[in-house]
Structure formats: C-alpha cells, structure tokens
Amino acid sequence: MDTETTPSTCASIHEQSKTEVEDRAWGLLILLGAFIAYFIADGWAYSFGVFFPYLIDHFQQGKGVTAVIGALLYGLPLLLSPIVCALVNVYSCRTVAICGGILLGTYLIVSSMAPSIMYLCIITGVLGSPGMAMTYVPSLVIVTYYFEERRGLATGLAVVGSGLGAFIFPLLVEYLTEVYGWRGMLLLIGAIAFHVVPSGLLYRPRQSSKKNENQHSEGVLRVNDAGRQYEVARSEFDLSQDRITRCLSQSTSALDGPRSASGSHHHCEISYESLEKTNDPMNILRHEKQHRSSCPELHVEITHKKCEISSTQSKNTNWLTTLKSEVLLLVKSMFDKSLVHNPPYLLFCFSSFIFYLWNGIPYLYLVDKAIIMKIPADAAAFLLSIIAIARTVGQVVMGYLGDHSKLNTVLLYAVVTAAAGLGTLLLPLCHTYSTLCVFATVFGLGVSVTYCLQMVILVQLVGLQTVTNAYGFLQLIQGIATLLGTPVAGWVFDWTGHYDYSFYAAGVWMLLSGLLLLPIPLIVRRQQKAPSE
C-alpha cells in the first residue's frame, strides 16, 4: 500500500505539528485543573465519614437510613457516568465540568438548610451526585486524551488531588463543624466547591484537533490499496493518514459517496459539501450506524459532524425528532456489543462489582468505630487522612509501575486489591489507635490502584478504540455495587450493635475480588495464541 498527499496537506501537517507543541504545554494546566477538581470532589466525598456521626446525632435516625446519603454520594456518580460520558461527547469536557462545579456548590449550600434526612437524600440524588459525576468524568477523560504516553503516570498525578483532598478535607470538616456547626460547615464547603468552575475552564480542547476540524483546505488524501483508489477530504474528517488507510482496508463500503467505474479502480470521494446534499440527515446517521463496527475511527468523526450536517438541512425537518434520534444513537454508542464477547473484560467487571460492593465500608465506618473505641473525634478523623496519604503515594507509585511493559498490570492490580481486602478482614482485631493507623495505611495503598490503573487495564483488555464504552459500562457496574453495599453495613450494625461482621464480610469479598483477576493474563495469552493457530 502506498500513500501520497497534496502540498496543501503537507502544510496542514506542518501547522499541526506546531499546535501539538502548544498542546503539550497546555497539558500541564490540564493536570492542574484535574488535580483541583479531584481535590474538592473527592475531598468532600471521603470526609462524609466525619460528617456522618453529626447527622445521626442531630436527626436521631438509624445508621442504615443515614448511610443512604453516603451511598448516593459514593455510588450514584458512578451510576451516572455513562450519561455524563455522552454529555462530554456532545458538549465537551470543559462545559460539563463547569456545570458539575455549579451543581456541586449549589448542592452543599442547599443542604445546609436540610430539615430531615429524607431532604438530604433527595438533594444529594438530584444535585450532589450529578455534580460529582460531572466533575469526575471530564477530569479523567481530558487527561486521557491529552496524554497518550505515560497515561498511567499522568492519571496518577491528576488523581493525587483526590488523595490530598481526602487528607485535608476530613480535618477541615471536623474543624469547621466544631466552630460553625454542621450547617455552617456545609455553607463554607459549598463556597470551596464552586472552585471546580475555574478548574473546568482549563479543560481546553486539543488545538491540533480543533484546527483540523475547522480548516477547509482543498487538500485530498489519496490512498491506493490493492488497485483501489480513494480520496478523502482531510478538512472534513480529522483522521490520520494511517488510520484512514486501515479503515479503508477493513471495509470498502464504509464510505458512501459518488463512485466512478474506471476499470479495476474504484474511486470514492467524500467531502462536507457532498454530505450537505443529502435530503434526509438521518440517512447519514443510519448509514453511519451500519458501518461503524467496520470503521470505528470514521464513526467517531461522523458522529461529531452529524449535528452540523443536520443544521444545514431543510427547515421543515422536525428538530425534536432529529434531536431524539441523535441522543438515542449517542447513548447506544456508549455500549459496544463486542464487550459482551470479551471474557477478560467481563471478569474484570465482575471483580470490580464485588470490590466496590464493599470497599466503601472502611471509609464510612472507620471513624465511627474509632469513636466507639473512645478515641477522640479529631484523632479518629485523622484515620481518613492517613488513608488519603497512603492512597496519594500509591497512586503515583502504582501509576509509574503500570507504565512498565515488563510488569503485568493486571497482576499488580490483583495483588494490591487483595491486600486491601486482607487488611479489612483483620480490622476487627485492631483494638488500639496505632493498629488502626496501620490498617489505614495498608487500605490506602490497596485502593490506590483503582484510581490510576483501571483505564490502563481497560486499554489493554479492549483496545483504545472501545475504551470509552468499556469505561462507561464499568463505572455503571461500580455505581450499582456501591449503592447496594454501603447501606447494608449500616443495617448490619443496627442489628448486631457493632461493625465487626461488616468488616469481616467486606474483607472476605474484597480479597476474593483480587483473586478473581489472577486468571486474566492466562486468558489474554490464550486469546493471542488462538489466531496464530
């Protein structure tokens, strides 16, 4: 196969190389914005364990009922992740993150006026959880897009804000609650939460992609493949030359345009103008849907273009019907059927479901357990800070190790999460403050891999082209697990009068979730050998 480009295309490539340098420099600001967003969002989420006893004391409700707020705060953002991923595709990371900051700050301020636990549950579900999801998802997605190399380390550095926030916020929440009461504390934390908005403003799209998208050059990329010649207007589809070549070699019918029968040469030319001549914009969407499996790169570009194409069509088109169809298509695109036929990915999802069903229990009940042991409230709150410190260190170290090709990332993930489960299993045996500190350290290191290595593992298991779909579905599973698991431990305490049984169950299942991942490298190796055989 040989390729050639016109002079205008070469000029476009030269200009793109200059903007890529700017993108690398702006990537540092992207990391800063993601750091601040995670610092605030996770800082509040993981300080709820400090806030938890004050709610029980004020409203005189059971621990199981009050824990529903924590379940919504931890689990519902994960449950909403596929929807937020769709919003990111439509409105950009910047817009979604800004809206998330507004929702999060509003939620905390409105919660300060809560007259009941039920009111807090409703406000958390309507404002708080969506605000958290709209902060988490774009922050991770923008870092993933900006850093193709050292993705594990970049993600680890971004989510260091999560660990630092989880270290500082519990102490801050405890201090503000003692001084201003829990209502005054929520007002002040709400003001801090609005700082997610300027952080979201830093999530600028890649300028190289943006310029290619807006540029309307006459350059045409010619690709010769087995006697067939194709011409694709580079100004309309921002695809690299090798990706277009690979697309066309996979499916000769993926592009529907004017064709010329010139002997053995089949000519296909696609341009924005030719697409504008289509009578029904939904024909483009239906055609694109038929061929997106054979050419996923082109599917992404057409998906981004279809809104512009639709806007140039006849004014008689029912825009509500068009919008509904586009939204349905976008939501369906978040779930790739090929993932159902990927055993390693399914096993990873099942393991994650078990882990997230129980891993929130130490965060939520460790402080309360320490207070029951007659440990002062400020010292008990510091246990969450110890978890945060260990998790922060672990995120950087595990992210760095995850980028090494000689180290199996799945096995690293399995061993570390199993260690977190083993530590939780032994938590009921901790009867002194020093042993609780040891547990907090082990647990913090154990959960750090779930922040910095999940995306790296997903790329290895499903490939970069479908990793967004895989991530959205994984987050959905984790959200369901968190919603189910957190209140259960509270109800177990209400029945038994202590947390030991909850910690025993959490430890066993978290340990099992790590062990379930051990066969994945063998399955992947067998799948890689199967085609050659």
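No lab work stands behind these numbers, since they all come straight from the coordinates. Bear in mind that the values here come from a model prediction, so they are computed numbers and not experimental data. Quick reminder, even Gly has a Cβ in these numbers, built from the backbone with ideal geometry, and neighbours come from all protein chains shown.
Cβ neighbours within 10 Å, averaged per peptide: list 396-402, 118-124, 32-38 in order, most packed at the top.
Result, highest mean Cβ count within 10 Å first: 32-38, 396-402, 118-124.
Taking the Cα-to-Cβ direction at L512 and at D494 and moving 7 Å from each Cα, how far apart do the two end points lie in nm?
2.5
Going by average Cβ neighbours within 10 Å, how do the peptides 422-429, 352-359 rank, with the highest at the top?
Working: 422-429: 19.2, 352-359: 24.4.
Descending packing order for the listed peptides: 352-359, 422-429.
Only sites in a loop by DSSP and with at most 16 other Cβ atoms within 10 Å count here; which trypsin sites (Lys or Arg not before Pro) in the range 125-184 make the cut?
Of the trypsin sites (Lys or Arg not before Pro), the ones in loops of the range 125-184 whose Cβ has at most 16 other Cβ atoms within 10 Å are R150.
What spacing in nm lies between the two simple spin-label points modelled at L484 and R526, each 7 Å away from Cα in the Cβ direction?
2.6
Per 0.36 nm of contour for each residue apart, how much would the distance between L426 and S112 grow if the chain were fully extended, relative to their Cα-Cα spacing?
Length gained between L426 and S112: 109.3 nm.
Starting from the Cα-Cα distance between Y504 and L201, subtract it from 0.36 nm times their residue separation and give me the gain in nm to one decimal.
Working: separation 303, 0.36 × 303 = 109.08 nm, distance 4.42 nm.
Going from the current span to full extension adds 104.7 nm.
Between R183 and F350, what is the label-point separation in nm under the 7 Å Cα-to-beta-carbon projection?
Label at F350, label at R183, 5.1 nm between them.
If packing is taken as the mean number of other Cβ atoms within 10 Å per residue, what is the order of 197-205, 373-381, 475-483, highest first?
475-483, 197-205, 373-381
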